[in-house]
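Student: Structure incoming, see below.
No lab work stands behind these numbers, since they all come straight from the coordinates. On a predicted model such as this, the values are computed, not experimentally measured, just so you know. Neighbour counts are summed over all protein chains in view; Cβ atoms, including those assigned to glycine, are modelled from backbone coordinates with ideal geometry.
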Amino acid sequence: MFLLQAPEVRDLDVFTTMPAAFRRAERSAWADANRGGVITDSFLEGPVVDEAGNLYLTDIPWGRVFRIDPQGAWTLVAEYDGEPNGMKFLDAGTLLITDYKNGLMRLDIATGAVTPYLQRRNSESFKGVNDLTFDAAGNLYFTDQGQTGLHDPTGRVYRLGRDGRLDLLLTNVSSPNGIVLSDDERFLFVAVTRGNCVWRMPLLPDGSVSKVGQFFTSYGPSGPDGLAVDEDGRLLVANPGLGCVWVLNRLAEPEVVLQGPRGASITNLAFGADRHVVYCTDSTHGNVLMARMAVPGRRVAKGVAG
């Protein structure tokens, strides 16, 4: 019988913690619906890094976007009536946000202005968009999660082409969350949080998908969330329920496990400017964790502002 080699287990270190001045120990509509009414002073998500090494994060319940400089100092970039989650750069000065409440929104990081990008599909509102990724050509892939789960496996995955065409790729996902392309862009990986797994979607030349399969199966109270890929093609999977990041090879075998502090809820991750440091959001504690990786992260493609 073939036995897998035990993965290397490494600790994640605390890079920075949200200052007390930014915390809001108040009731919110988002926490009422998503955290059982627990007072949630912040819930960090959507990490993305600019070329200068600044880290940008969303704070879902309070509609905020923060910038954290390489020394760990926090600045409020924007605050608006929304529930921002994933982010990617459209260009050096513009972030595209998957906003659960408003759809796709655009943020000018110099002014803090937030404006609509794509709020509805054929006049129908999204369920609640969650995360996004671009391919090298500037096409956008994003998840529409809403409150779906095993009780309601109707979550969606979309592709928005550079020509403005919006294609619905999947309609049957029980909680589609993080999304990322393989290093060769032949496959799309989608974290299926309530299914406690990651799906692998082959992308065909005509733009369709076929033979979608389950690539990785996790366990615990809350399944895979944010995803990233390194230059060896390994898939990094943030797992909030277990407080860790799985580093999986091309066979979905765990090679490394990045373990957060006890009680951490690790929801998402992004490589830094030098692509050797990975930053992770510990959402319920307002912390950003970090680890230095031997294999650099894959370069993150940008979209095309329009």
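Student: So how much slack lies between Leu251 and Arg67, counting 0.36 nm per residue of separation and subtracting their Cα-Cα distance, in nm?
Tutor: Difference between extended and current length: 62.7 nm.
Student: Right, here's the next one. Can you figure out the FRET efficiency of Ala294 with Val14, using R₀ = 22 Å and their beta-carbon distance, to the nearest 0.05?
Tutor: Once the sixth-power term is evaluated, E becomes 0.55.
Student: If you take the charge dipole of the range 1-144 about its Cα centre, with +1 on Lys and Arg Cβ and -1 on Asp and Glu Cβ, which of Thr98, Thr16, Leu55 is farthest toward its positive end?
Tutor: Thr98
Student: Using DSSP to call loops (not H, G, I, E or B), can you name the trypsin sites (Lys or Arg not before Pro) in the range 179-258 whose Cβ has at most 14 other Cβ atoms within 10 angstrom?
Tutor: Within the range 179-258, the qualifying trypsin sites (Lys or Arg not before Pro) (loop, at most 14 other Cβ atoms within 10 Å) are Arg186, Lys211, Arg250.
Student: Let me ask something else. Explain nothing, just compute: Karplus ³J(HN,Hα) = 6.51 cos²θ - 1.76 cosθ + 1.60, θ = phi - 60°, for every residue of the range 180-191 in order, whole Hz, x for Gly and Pro.
Tutor: Result, rounded to whole Hz: 7, 8, 5, 4, 9, 6, 8, 9, 10, 9, 10, 6.
Student: Evaluate the charge dipole of the chain about its Cα centre and quote only its size in Debye, nearest 20, assuming +1 on the Cβ of each Lys and Arg and -1 on the Cβ of each Asp and Glu.
Tutor: Dipole size: approximately 460 debye.
Student: What does the extension gain come out to for His276 and Asp167, with contour length at 0.36 nm per residue minus their alpha carbon separation?
Tutor: 35.8 nm
Student: Given axes a ≥ b ≥ c from the Cα gyration tensor, I'd like to know whether the range 1-135 is rounded (a/c under 1.5), prolate (a/b larger than b/c) or oblate.
Tutor: It is rounded, given that a/c, with a ≥ b ≥ c, falls under 1.5.
Student: When the chain is fully extended, how far beyond the present Cα-Cα distance does Gln147 get from Ala33, taking 0.36 nm per residue of separation?
Tutor: Additional length available on full extension: 40.1 nm.
Student: Return the calculated 222 nm mean residue ellipticity for the chain, to the nearest 500 deg cm²/dmol, obtained by summing -39500 (n - 2.57) across DSSP H runs with n ≥ 4 and dividing by the residue count.
Tutor: -500 deg cm²/dmol
Student: Moving to a separate point now. Going by the alpha-carbon gyration tensor, a ≥ b ≥ c the square roots of its eigenvalues, is the range 1-42 rounded (a/c under 1.5) or, if a/c is not under 1.5, prolate (a/b greater than b/c) versus oblate?
Tutor: Oblate is the answer for the range 1-42, as a/c is 1.5 or above yet b/c matches or exceeds a/b.
Student: A further question on this structure: For the charge dipole of the range 85-194, defined by +1 on Lys and Arg C-beta atoms and -1 on Asp and Glu C-beta atoms about the Cα centroid, which residue among Thr133, Leu168, Ala110 has the Cα displaced farthest towards the positive pole?
Tutor: Leu168
Student: Could you list which residues have their amide H under 5 Å from that of Phe216, counting only those 5 or more apart in sequence or on another chain, with H placed in the peptide plane?
Tutor: Val198
Student: Show me the trypsin sites (Lys or Arg not before Pro) within the range 20-83 that DSSP assigns to loop and that have at most 16 other Cβ atoms within 10 Å of their Cβ.
Tutor: Arg23, Arg24, Arg27, Arg35
Student: Next question. Apply the a/c threshold of 1.5 to the C-alpha gyration tensor of the chain and tell me whether it is rounded, prolate or oblate.
Tutor: Here the chain falls in the rounded category.
Student: Using each residue's phi in the range 137-150, evaluate 6.51 cos²θ - 1.76 cosθ + 1.60 at θ = phi - 60° and report the 3J(HN,Hα) Karplus result to the nearest Hz, with x for Gly and Pro.
Tutor: Once θ is set to phi - 60°, the couplings for the range 137-150 become 8, x, 6, 9, 10, 8, 9, 10, 8, x, 9, 5, x, 4 Hz.
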